[in-house]
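Engineer: One structure is given below, represented as structure tokens, and several questions about it will come after.
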Amino acid sequence: MQLKISTRLQLAILLVAALTALLVTLASRWNLERAFVGYLDQLAVERFEEVLPRLEQAYVAYGDWHAMVDSRRLWFKVLRGDSAPDDPTRQSFDTSLDTTGAFSRLGLRSADGNWVAGYRGTQNLLRREPIAVNGRTVGWLVLAPFTGVAHEGSRRFIEAQWRVTAIVALLAIALAAVSSWWVTRQLLAPVTQMAHAAKRLSAGHYDLRISARTDDSIGQLANDFNSLAATLQRNESLRRNFFADISHDLRTPLAVLTGELDALEDGVRPLNPEAVHSLQTEANHLKELVERLHELALSDVGALAYRMEALDLSALVRQAVEALRGDLEEKGLTASVSTPDEPAMVQGDKARLNQLLRNLLHNSSRYTDAPGQVVVSLQGFDGGWLLQVADSAPGVPASQFDRLFERFFRVETSRNRATGGAGLGLAIARNIAQAHGGAIAAQPSSLGGLAIRVRLPRLQST
């Protein structure tokens with residue numbers, strides 16, 4: 001069964017917390033036992049140093065060690081430094097107060113190494129010191145290491161610490177489980193919301209938006225999702241407008257052609273040069289529209305043929321303006337051009353750059369009122385050339401500058417092709433500029449109309 005990402009994340013956090021608690025518990029217990037045993041050995045060494053002078057005094061008092069052989073009462077009396085009167089009826093001494101367990105680990109040996117009292121072992125001793133009286137070694141005091149915590153009080157202490165550590169570990173795991181659930185819920189809630197939103201988006205609900213509550217990566221992801229939804233919504237609107245515009249632009253000349261042909265067939269209109277010219281005009285409109293659509297489709301996919309070479313952009317601009325000057329003057333527009341004296345070298349395709357210039361000039365001729373003017377200028381800047389085609393009134397609202405380069409978009413809402421054109425020229429010009437590594441933008445013209453600015457990279461000398 002495939003687990004949800006939230007479940008997997010919770011299990012991962014819980015597993016890490018459990019392993020951490022287990023390792024900390026085992027390390028704490030090991031360190032506690034090791035440190036505690038070391039602590040007991042250190043206290044036993046201190047007791048060892050306290051007992052050594054007492055044994056020297058006992059040897060002087062009794063003359064030898066015979067009194068201590070098999071006499072636990074006398075042995076523990078010396079160990080404890082008991083100064084109470086000797087009571088023959090007292091058979092044992094309470095050693096429970098010795099929490100270090102040193103009494104059970106201390107042993108007395110005679111000078112020749114024979115056992116006298118206390119600890120009997122002879123190997124792995126922690127300490128061994130001579131008992132000297134008047135400069136003569138009369139015995140040996142030995143201390144065995146605390147190899148295991150056998151003392152009842154010490155054992156209970158270790159067990160209590162182990163229980164506390166285990167309880168703390170279990171509480172830590174429980175806290176990790178709760179916190180992992182909360183963190184996972186808080187962390188994945190926006191992701192889950194975006195997953196549901198993505199399903200709705202794929203179903204065509206492009207108006208859907210997600211609120212970005214944070215400024216972290218999740219918030220940035222939500223903003224990117226909203227940008228994607230806005231782009232899809234805009235593209236869907238463009239697609240619908242595209243089909244509406246295509247149907248309109250194709251329907252009009254086809255309706256005219258059909259009407260003209262019906263009139264000729266019915267004899268309502270005679271077949272004369274004027275009728276043929278009218279049919280030819282509508283056919284040319286259809287041909288131009290189809291060619292523009294074909295060029296736009298090719299430029300969108302980057303399939304237009306570009307033969308790049310070194311070109312003088314100044315000469316190209318002047319030639320394009322002179323070629324269209326007559327058409328501009330027929331519409332009551334005066335054209336002027338300003339270019340640098342030196343060559344403006346670029347790497348480009350001559351035919352496509354000519355097409356870009358013609359589209360910009362045709363756009364100005366369609367939308368500029370007569371009498372008016374069109375000013376074409378070319379100037380250099382760091383790393384490139386700035387080409388500008390500016391015209392006189394009417395202008396374009398600033399809110400529509402970015403939309404001017406959309407296919408079939410025209411400020412002229414009446415859709416009159418006599419003034420509005422097909423609405424594809426600037427879209428094709430944008431693709432050509434981008435194919436040359438440049439950019440195109442629109443801004444208000446100082447003449448009262450629109451200024452289209454094209455930036456092209458300068459040809460680097462080799």
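Engineer: Whole angstrom only: what separates the Cα centroid of the range 195-223 from the Cα centroid of the range 46-60?
Structural biologist: Using only Cα atoms to place each centre, the spacing works out to 84 Å.
Engineer: Mind listing the Cα extents of the range 307-457 along all three principal axes, in Å, largest one first?
Structural biologist: Projected onto its principal axes, the Cα set of the range 307-457 covers 42, 28, 25 Å.
Engineer: Can you give me the distance in nm between label points at residue 43 and residue 179, each placed 7 Å from the Cα along the Cα-to-Cβ direction?
Structural biologist: Here the modelled spin labels are 3.6 nm apart.
Engineer: Here is a further query. If each residue of separation counts as 0.36 nm, what is the full-extension length gain between residue 11 and residue 288 once their alpha-carbon separation is subtracted?
Structural biologist: Numbers: separation 277, 0.36 × 277 = 99.72 nm, distance 6.53 nm.
Additional length available on full extension: 93.2 nm.
Engineer: Moving on. Determine, for each peptide in 429-441, 196-208, the mean count of other beta carbons within 10 angstrom over its residues, then list the peptides with the highest first. List each step's numbers first, then the result.
Structural biologist: Working: 429-441: 19.5, 196-208: 13.5.
Descending packing order for the listed peptides: 429-441, 196-208.
Any read-out appearing in this document is the output of simple, stated calculations on the displayed coordinates, not a laboratory observation. From a predicted model like this one, the values you see are computed outputs, not experimental measurements. Don't worry about glycine lacking a Cβ; one is built from the backbone with ideal geometry, like all the others, and counts go over all protein chains shown.
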